[in-house]
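Each remark here refers to the structure printed beneath this line.
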Amino acid sequence: MRRADVTAPLAIIDIGSNSIRLVIYESLSRAPAQLFNEKVLCGLGRAVVTTGRLAEDAVDKALKALGRFRRLCEASRVETIHVLATAAARDAANGPDFIAEAERILGRKIELLSGRREAQLSAYGILSGFHHADGVVGDLGGGSLELVDVIGNTVAQGITTKLGGLALQDITGGSLKKAVRVIRDALADAAPLDALRGRTFYAVGGTWRALASLHMAQKAYPLHVMHGYTIPARDAAEFSKIVERADPDMLESIDSVSEARRPLLGYGALLLDEIIRRGRPNSIVLSAQGVREGLLYELLGEQERRIDPLLAGASELNRLMSRHPDHATDLIAWTSRLAASLHLDETEDERRQRAAACLLSDLAWRTHPDYRGEQSLGLIAHASLTGVDHPGRAFIALAVFFRHEGLSLDDASSRMRELVTPRMLNRARILGGMLRVAYLLSAAMPGTLARTPVVGSGDRLVLSLPDDLDALANDRLMGRLRQLARIVGRDPAVVTVPAAAKGQAANGAAS
């Protein structure tokens, strides 16, 4: 496959055993944005194990969907289309005939993925969507389950099993009781699970996302974002047993799961339960990214792959929605210096999250002032960001909320606060207070913050103003400086310095 034009829209058509999906991406980037996403549940792999063939009605439905997808790509001016096919087309006797007809309809070659190739792309999808991934990826489709170990940027050689939801339904004649033994036997020698103890299991695939959606509903979880949703392994095992025993249509909030997906929930629950029993992970983390995003990641250059996915996504939103994108660069440097002078002792993740909050701090400027905090909270909490867990996402959203609404905890969203620790909430208030001061100094434009540092110096919080900018110090600015000083336990102070000596004076104040 040739590398796509990085500035043009591109599409991926994924022909799976249960569904066929078209995703059109804005461009090839480290944080690809979706322009269009459509799925058709065709059930190509519905009876492949017992009949050895793709069902005629499923083939007809799939080919009609592919014809529609081609027209949608043409309407979207997409020239680069990658088409992937997985287990059902790979295993069926009439798979080659189906692929040939699909290629004729689409006017493009289809890459028929081997099991190991599918595992590799699933792992790349996890590398694309998580910062410093460490665990085992499990990609559950209709016809197969792929397992592969990932750590850092390293992907081990994965394995494939015929444990897809449709395949299990076919093999066992719809019996969950029979499926228990089939699953246990198939995973007994699954090497990736030998290294899973105490690490993360990354769950990829629609059936596991459906299970997670039910789990969210059961917990009344405050953030309905699937990517990064984390379930402690013990909780996941207990919930899986509930799903295994229940009639799917009687489960609470089952309306959130499509009727075609419901019969597969029990098999997904059995698989997850056995993986937890066999591998002993510490947590299950849901991924909205898999083979398709893995292919995009593979198409990137080595240098682009190393870009932080959270900061890449936040930078793109900053470019599209802020008053001046370069202002965020000033904010990051300004808050970095202030945080260091206050000895906040940030971890790597906390530094990343602070930088992301700076990049996202001006998204709601076009909104009515009374609603900017609420609008920012919603935009950031629900944005298609990757490389950040749910507590980190909530921290960023709350910091920007405080930047607009003030530092009172009474006004902060109680639902978002449920996701963060007391330390994170305190840091979000401090960062919100920093941003409130910075925006009054800079008017959201670059060039001023480097000349107007605020630093902790002994028991004081000192704003240094060059004499040509001393008119910036009005009552409103001083009120915000006092607010910030109070929550960091310092006394506010403003010093005016000669413009030519501002660097030396600021350094002296920080020492």
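What to note about this one:
- Across all directions, the average projected area of the convex hull around the alpha carbons of the range 236-332 is 10.6 nm².
- Phi angles across the range 161-174 convert, under the Karplus curve 6.51 cos²θ - 1.76 cosθ + 1.60 with θ = phi - 60°, into 3J(HN,Hα) values of 10, 8, 10, x, x, 5, 4, 5, 4, 5, 4, 9, x, x Hz, Gly and Pro given as x.
- Here's the picture: charge each Lys and Arg Cβ at +1 and each Asp and Glu Cβ at -1 in the range 342-497, and of L449, L469, L360 the one pushed furthest to the positive end of that dipole is L360.
- Helix axis angle, 265-279 relative to the chain longest principal axis, alpha carbon, degrees: 70
- When the chain is reduced to its Cα atoms, the Kirkwood hydrodynamic radius in Å: 24.8
- By definition, a body whose alpha carbon gyration tensor gives a ≥ b ≥ c is prolate when a/c is 1.5 or more and a/b is larger than b/c, and the range 5-55 fits this prolate description.
- Extension gain from S258 to E302, taking 0.36 nm per residue of separation minus the Cα-Cα distance: 12.0 nm
- Vicinal HN-Hα couplings computed from phi for the range 10-22 (Karplus, 6.51 cos²θ - 1.76 cosθ + 1.60; Hz; Gly/Pro x): 9, 10, 10, 10, 10, 9, x, 6, 10, 10, 10, 10, 10
- Cα-based helix-to-principal-axis angle, 390-405 vs the chain, degrees rounded to 10: 40
- Here the Kirkwood formula, the inverse mean of 1/r across different C-alpha pairs, assigns the range 345-430 a hydrodynamic radius of 12.7 Å.
- Sorted largest first, the spans of the alpha carbon positions of the range 399-458 along the three principal axes are 38, 28, 16 Å.
- Note on K178 and R482: the extension gain reaches 102.7 nm, defined as 0.36 nm multiplied by sequence separation minus the Cα-Cα distance.
- Sequence-distant contacts, meaning Cα pairs under 8 Å at least 6 residues apart, place the relative contact order of the chain at 12 percent.
- Distance between the pseudo-spin-label points of T367 and R77 (7 Å out from Cα toward the beta carbon): 3.1 nm.
- For the chain, the longest principal axis of the Cα atoms and the long axis of helix 115-129 meet at an angle of about 20 degrees.
- Restricting attention to the chain, lysine pairs at least eight places apart or on different chains and with alpha-carbon atoms under 25 angstrom apart total 13.
- With N counted as the residues of the range 97-184, its alpha-carbon radius of gyration over 2.2 N^0.38 Å works out to 1.32.
- Furthest towards positive pole of dipole, V494, I159, I126, structure part the chain, Cβ charges: V494
- Dividing the summed helix terms, -39500 (n - 2.57) for each DSSP H run of n ≥ 4, by the number of residues in the chain produces a 222 nm estimate of -15000 deg cm²/dmol to the nearest 500.
- Rounded to the nearest whole Hz, the Karplus-based 3J(HN,Hα) values (6.51 cos²θ - 1.76 cosθ + 1.60, θ = phi - 60°) of the range 219-234 follow the sequence 8, 6, 5, x, 10, 8, 10, 6, 5, x, 5, 10, 10, x, 4, 5, with x at glycine and proline.
- Whole-number D in µm²/s for the range 177-284 (Stokes-Einstein; Kirkwood sum over Cα pairs; 25 °C, 0.890 mPa s): 173
- Sorted fewest first by neighbouring Cβ atoms within 10 angstrom, K109, K61 come out as K109, K61.
- Across all directions, the shadow cast by the convex hull of the range 264-391 built on its C-alpha atoms averages 12.0 square nanometres.
Values quoted throughout were computed directly from the atomic coordinates according to the rules given, and no laboratory measurement underlies them. Computed from a predicted model, the values in this text were never measured in an experiment. Note that we place each Cβ from the backbone using ideal geometry, even for glycine, and neighbour counts take in every protein chain shown.
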